[in-house]
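The next block holds one structure in the form of structure tokens; read it before the comments.
Just so you know, all these numbers are worked out from the coordinates, no wet-lab data involved. Every value quoted in this text rests on a predicted model; they were computed, and no experiment measured them. Glycine also receives a Cβ, built like all others from the backbone with ideal geometry; neighbour counts cover every protein chain displayed.
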Amino acid sequence: MARKQRTFADKIAKGTGPRGEKCPVCGEVIQAIMMVRPYKTEKGTWRYRKMMVNVCKCNAKEVLVDVPDTI
């Protein structure tokens, strides 16, 4: 049984498309980004809160706005 021959263009096209699940609202691929936000402790020192956030076109403005965190 002969194997299907793929051209170089087919190999490149297979690996270049966007990966991940698509947003049902806007249709863009959802990207997980790590947000690092500083906050001040009760002692007055600064710490950093890291969190993973899923971002697409329809929620990017709400997520990426610099809002001060409350503990």
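Of all residues in segment 1-41, those that are under 22 Å from M52 (Cβ atoms) and basic (K, R) total 3. Within segment 5-21, track down each residue that is in contact with a strand residue (DSSP E or B) (Cβ under 6 Å, 6 or more places away or on another chain) and at negative phi. P18 - this is the single residue of segment 5-21 that is in contact with a strand residue (DSSP E or B) (Cβ under 6 Å, 6 or more places away or on another chain) and at negative phi. Restricted to segment 1-56, and to residues there that are in a loop (DSSP other than H, G, I, E, B) and among the hydrophobic types (A, V, I, L, M, F, W, C), the residue that is surrounded by the fewest Cβ atoms within 10 Å (Cβ to Cβ) is M1.
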